[in-house]
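Q: Quick one: the structure is below, questions incoming.
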């Protein structure tokens, strides 16, 4: 971990026209910094992937419940979730298959 006044010392040296103090080897260990950044990125992407999964499940359930309500059908929760999952994927996948030039990356 970097000491608290490291940046302040460097800025004050520039302001006063003194030579800039060099960072010692203990504070410039890039492998330690890179490993911390990689761990933070991994944690961030794990949370994002979990949120996307929850979003798909919630949207699928809402679509299925809407179909169940609109058509007055007697489905279980699993049935509504299954129909909603199929509908959710249909509206996200089929347009890119039918109109590929609009969905180029």
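The values are calculated or read from the model by the stated rules, or taken from the named source; none is laboratory data. Computed from a prediction, not measured in an experiment: that's the story for all the values here. Here the Cβ positions follow ideal geometry from the backbone for every residue, glycine too, while neighbour counts run over all protein chains shown.
Q: In the range 64-85, what residues are over 18 Å from residue 52 (Cβ atoms) and surrounded by 11 or more Cβ atoms within 10 Å (Cβ to Cβ)?
A: Taking the range 64-85 first, the residues over 18 Å from residue 52 (Cβ atoms) are 64-80, 82-83.
64, 65, 66, 67, 68, 73, 75, 77, 79, 80, 82, 83 - these are the residues of the range 64-85 that are over 18 Å from residue 52 (Cβ atoms) and surrounded by 11 or more Cβ atoms within 10 Å (Cβ to Cβ).
Q: Going by what's in this entry, would residue 4 be described as assigned to a loop (DSSP other than H, G, I, E, B), surrounded by fewer than 11 Cβ atoms within 10 Å (Cβ to Cβ) and modelled with pLDDT of 80 or more?
A: It is false that residue 4 is assigned to a loop (DSSP other than H, G, I, E, B), surrounded by fewer than 11 Cβ atoms within 10 Å (Cβ to Cβ) and modelled with pLDDT of 80 or more.
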